[in-house]
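Take a look at the structure below.
The values are calculated or read from the model by the stated rules, or taken from the named source; none is laboratory data. Since we're looking at a predicted model, the values are computed, not measured. All Cβ positions, even for glycine, are placed from backbone atoms using ideal geometry, and neighbour counts span all protein chains on display.
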Amino acid sequence: MTAVLTPISSRRRATDRAARGVTLALTLLALVPLFLILYFLLKEGLGAFSMSFFTTDPTGRFLGNAGGIRSAIVGTVIIVGLATVIAVPLGIGVALYLVEYGKQSRFANAVRYFIDVMTGVPSVMFGLFIYIVLVVAQIDGTFAAWKGAIALSLLMLPVVARSSEVVLNLIPNALRESALALGAPRWRMIFRVVLPTALPGLVTGSMLAIARAAGETAPLLFTVAFVNGLSANVGQRMNSLPIQIFNDVSQAQDRLVQRAWGAALTLVLMILFVSLIARLVQRRSRLQP
Amino acid sequence: MGIQNEEGRTLRLQRFSAAAVVCSSLAIGVAACGSSNDSSSTTDSASAQKGGTLNGAGATFPAPIYSEWAARFKDKQGTTINYQAVGSGGGIAQFTAGTVDFGATDSAMKDEEIAAAKSKGVPVHVPTVLGAVTVSYNVNGIEKGLKLDGATVADIFLGKVTSWNDKAIAALNSGLTLPSTKIAVCHRSDESGTTKNFTQFLAAYSKAWDKGPGVDKSVKWPTGTGAKGNDGVAACVKQTDGAVGYVEQAYALQNNFTTASVKNKEGNFVAPTLPATSAAGGAATPPEDLRFSTIDGPGADTYPIAAVTFLLVYQDVCKAGLDEKKAGLLKDWLNYALGDGQAVARELQYAKLPDSIKTMAQAKVDGLQCNGTAIAG
Amino acid sequence: MSTPARGTLPRASGPRLADPILQGVLAAIAASVLLLIGFFFVKLILESEPAFEHTGVVDFVFSNNWVPSRGQYGALPLVFGTLLTSALALVIGVPVAVASALYITELAPRRVRGPLTLLVELLAAVPSVVYGLWGIFFLAPKLLGAEKWFSSTFHFIPFVGGSPAIPNYFVASLILAIMIIPIVSAISREVMSTVPRDHKEAALALGATRWEMIRIAVLPYSRAGISGAAMLGLGRAIGETIAVTIVIGNAAVIGDTVFSQGYTLAAVIANEFGEAASDPVHRASLIAAGLLLFILTLVVNLVARYSVTRAESAGARKVPVGMAG
């Protein structure tokens with residue numbers, strides 16, 4: 001750093017320009033696949049869209065009308081909904097424990113550590129795990145929607161717990177202390193002060209977990225299997241968008257690939273919708289990380 | 001948006017999903033919610049509607065005809081057949097593990113596979129239709145059917161014959177001008193009855209094949225691209241110039257593949273056609289347990305890689321885990337396959353069973369039991 | 001959940017037991033998560049036992065023959081495929097991700113930073129199966145020509161040459177690279193934003209150009225964090241299943257070139273679990289493959305987390321790694 005007050009040499013200027021150019025080029029390069037995928041999703045996916053695409057189920061027929069994706073949409077909503085019902089209370093519960101009670105105790109740190117470990121577990125492992133303990137062991141039948149929901153909830157749980165912990169930590173201690181000083185017991189302080197204040201952040205974290213789970217294929221492949229028809233029975237096999245796409249891709253027939261694009265666009269739109277809500281809620285939150 | 005579920009009840013989507021969430025929060029693990037396809041009591045238009053669902057998994061070879069049957073069977077008696085085409089290996093495995101109500105394979109279970117299924121009972125093989133394993137190719141410049149014999153096909157799949165104008169191919173096709181395109185082999189990557197049947201044919205005409213990769217549902221391929229299912233191989237052939245693969249006839253027709261005429265036992269080159277496949281069935285003499293194969297069968301007009309395909313059920317379906325209602329539905333499904341289904345077969349270029357074999361198969365179905373007594377229905 | 005508290009809180013009216021009950025319930029939930037993970041581990045180890053008994057631990061990992069129909073379970077081709085594709089994905093994806101993070105945090109005009117961040121994050125909203133769909137029907141066929149040219153021109157490079165297959169290691173690596181860009185970029189951005197302003201301003205005050213400022217202030221400071229981000233990306237790539245299954249070709253052999261078909265640990269599990277339903281050794285072998293995968297991701301993630309946490313505790317803010325994905 002000898003260059004104090006000496007004019008910047010042209011070589012250094014050129015290096016600077018080149019480096020800026022390269023980083024910009026690489027940034028744009030990262031966006032090329034995004035635009036290509038979006039382009040194909042819109043081009044091929046919109047081509048598949050029609051009224052009957054959303055109002056009929058896949059027929060499974062080898063020739064002729066392949067049918068739509070109604071049962072897949074309904075199945076994804078049910079399975080992910082059930083997974084949310086399982087994962088969100090548990091995840092927030094864990095976070096509450098860590099922040100309000102466990103703090104830096106050895107047990108709390110162990111829980112934190114293992115939740116971190118869980119975040120890194122590949123989703124296929126959760127599918128395999130549920131496949132072994134619930135499907136092969138034939139607990140209440142074999143493949144079933146609720147088993148897929150549990151596999152997804154295992155995936156969501158650490159995401160919800162981690163993000164909730166961060167949000168709960170953002171709440172100023174003064175708020176807690178003033179509630180306690182007013183004579184409120186701890187549980188009341190948690191339900192009347194902590195949770196309401198953290199609510200938008202908790203919702204955002206949960207929505208992001210939902211967005212992540214909705215696109216997962218591997219955990220469902222092992223646990224829910226595949227059917228064509230519409231079903232709302234969580235004790236049975238169920239269709240879902242990711243599995244529908246996966247099946248159509250592997251069959252490689254033009255009309256099925258077309259449906260796969262349509263289903264993919266639908267799935268991406270659903271995920272974007274959930275992510276968008278998460279962002280809007282986050283924006284309205286008073287606690288900004 | 002009003003949607004109709006399987007029983008014909010109309011639900012409002014909003015209420016439906018709300019109900020599903022409420023329901024699911026109450027009933028984790030309990031199949032208590034909106035049981036749409038297990039209740040046969042709902043009102044239906046046709047009187048013969050039985051409803052219910054059967055889950056099956058197995059071979060991709062007959063998947064086209066099974067899915068067609070499933071659609072018509074559903075129209076006929078309202079029963080949903082969920083057939084997952086996962087390959088014969090997967091079909092036998094899931095059948096043995098009891099994760100499906102019926103299995104499907106196009107190579108009969110081996111003795112050790114039957115032994116492995118013992119805890120559930122005695123597996124019964126119900127042959128359904130015959131189909132042709134075509135040698136399909138996608139080569140610019142060869143529009144007409146090539147003639148190939150077993151030894152040459154084996155050499156292609158061994159990687160010894162590497163271009164389409166190789167001497168071995170030219171010798172069988174005098175008069176055709178062959179391009180010098182490189183051969184790209186497409187084969188199955190999953191455990192497949194189609195592979196077993198195809199390799200059985202290759203091994204019959206090639207010592208090198210017999211000693212090398214051998215005959216099995218999956219083998220160690222010396223060359224080529226692997227793909228899952230008949231559909232996967234079809235996609236592989238379709239995407240690659242110079243590709244050759246083995247797929248069931250329906251897949252070849254669907255993709256407009258050119259298929260080779262293959263030299264049979266009598267020395268005639270026979271194209272994979274419905275009569276040539278039927279001829280293979282007519283020449284077969286199955287044993288009592290119906291575990292038979294029609295590969296490399298006798299007869300002047302017989303297509304040599306014609307294969308029979310089976311549905312798998314347990315002799316006592318209830319002891320194997322099905323309830324009485326499902327047992328009845330399963331019997332209906334098998335009766336359909338051997339009855340009305342046979343006439344549907346030709347629409348997708350499958351050959352129906354010869355009468356003698358059909359009679360034997362029907363006897364097996366009639367003999368199925370539920371907890372020791374014949375299944376009503 | 002109730003509405004936010006207004007005004008003063010009423011005096012404690014609930015029973016005295018409420019506090020210990022809530023604490024107990026929350027502790028039980030936390031403990032059950034620990035137990036669940038413990039059970040997950042133990043179950044995997046117990047269930048994979050028959051595989052190691054049948055094949056032996058060393059042979060399972062290091063022998064090159066995965067032929068389930070003959071009862072041979074040597075997972076080397078799978079391990080090889082997993083390591084090759086994820087390493088290649090890292091080589092391709094990390095520079096792009098880090099460059100985009102640098103550009104967004106240090107170089108881009110302020111008003112495009114938000115939109116650029118959003119776009120890079122959009123990559124994470126695309127599900128794995130959709131990457132697979134796009135990979136096999138668009139990317140792989142389109143790349144074939146370039147791959148053919150490359151392998152005939154640069155056939156002297158090891159692992160290059162021969163005739164490329166449509167699905168292959170390289171296509172899988174490319175898809176994985178795209179999939180890890182958002183997470184690596186996001187964490188890199190977080191780490192870079194913790195670089196103290198003083199350092200950057202000091203560099204600029206000394207007359208450094210922007211790029212020199214990045215080199216002397218930003219990169220050294222965030223190096224540990226960036227390598228942690230890369231490791232987290234590696235963890236993702238190793239465990240990615242469906243997209244890879246669709247574009248890698250699923251051949252259980254060690255390919256001759258990067259344009260050959262291969263297999264990965266995750267893909268073999270997805271493909272063969274159905275066939276393994278009734279064969280205890282096959283099933284155990286798949287679970288053992290899963291265990292191997294788990295150990296790989298665990299080691300990678302722990303290293304990653306250690307670097308990221310260290311880098312971040314040096315900074316002012318603490319960023320949850322879990323949220324970045």
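Per-structure values
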| read-out | value |
| --- | --- |
| Criterion (under 20 Å from the mean Cα position of the chain (by Cα), at pLDDT below 95 and more than 10 Å from every other protein chain (Cβ to nearest Cβ)) met by exactly one of C:LEU302, C:LEU298, C:LEU292, C:LEU232 | C:LEU292 |
| Candidates A:ALA66, A:ALA30, A:ALA25, filtered to the one that is more than 7 Å from chain C (Cβ to nearest Cβ) and either free of Cβ contacts under 8 Å to residues at least 40 places away in the same chain or out of contact with any Lys or Arg (no Cβ under 6 Å at 6 or more places or on another chain) (or both) | A:ALA25 |
| Qualifying residue in the stretch C:105-126 (condition: buried (at least 24 other Cβ atoms within 10 Å of the Cβ), within 12 Å of chain A (Cβ to nearest Cβ), out of contact with any His (no Cβ under 8 Å at 6 or more places or on another chain) and assigned to a loop (DSSP other than H, G, I, E, B)) | yes |
| Qualifying residues in the stretch A:229-252 (those that are more than 21 Å from the chain's Cα centre (by Cα) and either more than 13 Å from chain B (Cβ to nearest Cβ) or without any contact (Cβ under 8 Å) to a residue 24 or more places away in the chain (or both)) - the one farthest from B:PHE257 (Cα to Cα) | A:ASN247 |
| Single condition A:SER10 does not satisfy, out of (1) among the small types (Gly, Ala, Ser); (2) farther than 30 Å from A:PHE191 by Cα; (3) buried (at least 16 other Cβ atoms within 10 Å of the Cβ); (4) more than 9 Å from every other protein chain (Cβ to nearest Cβ) | (3) |
| Selection count, the stretch C:60-97, where residues are more than 11 Å from every other protein chain (Cβ to nearest Cβ) and basic (Lys, Arg) | 0 |
| Number of the exception - C:ILE216 against (1) at pLDDT 90 or above; (2) at the interface with another protein chain (Cβ under 8 Å from one of its Cβ atoms); (3) closer than 19 Å to A:ALA218 by Cα | (3) |
| One residue from C:PRO167, C:PRO141 being facing another protein chain (nearest Cβ under 9 Å), within 27 Å of B:LYS228 (Cβ to Cβ) and crowded, with 19+ Cβ neighbours inside 10 Å | C:PRO167 |
| Any hit, the stretch B:276-283, residues being over 19 Å from the mean Cα position of the chain (by Cα), surrounded by fewer than 20 Cβ atoms within 10 Å (Cβ to Cβ) and among the aliphatic types (A, V, I, L, M) | yes |
| Count of residues meeting criterion [under 17 Å from A:MET125 (Cβ atoms) and crowded, with 18+ Cβ neighbours inside 10 Å] in the stretch C:40-75 | 6 |
| Search result, residues across the stretch C:183-209 that are assigned to a helix (DSSP H, G or I), crowded, with 18+ Cβ neighbours inside 10 Å and within 11 Å of chain A (Cβ to nearest Cβ) | C:VAL184, C:SER185, C:GLU190, C:ALA203 |
| Residue within the stretch A:87-105 that is more than 11 Å from chain C (Cβ to nearest Cβ), crowded, with 22+ Cβ neighbours inside 10 Å and closer than 28 Å to A:GLY262 by Cα present | no |
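Quick grid of which residues meet (1) out of contact with any strand residue (DSSP E or B) (no Cβ under 8 Å at 6 or more places or on another chain); (2) assigned to a helix (DSSP H, G or I); (3) more than 14 Å from chain A (Cβ to nearest Cβ):
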site: B:GLU266; (1), (2), (3): yes, no, yes
site: B:PRO272; (1), (2), (3): no, no, yes
site: B:ALA276; (1), (2), (3): no, yes, yes
site: B:ALA280; (1), (2), (3): no, yes, yes
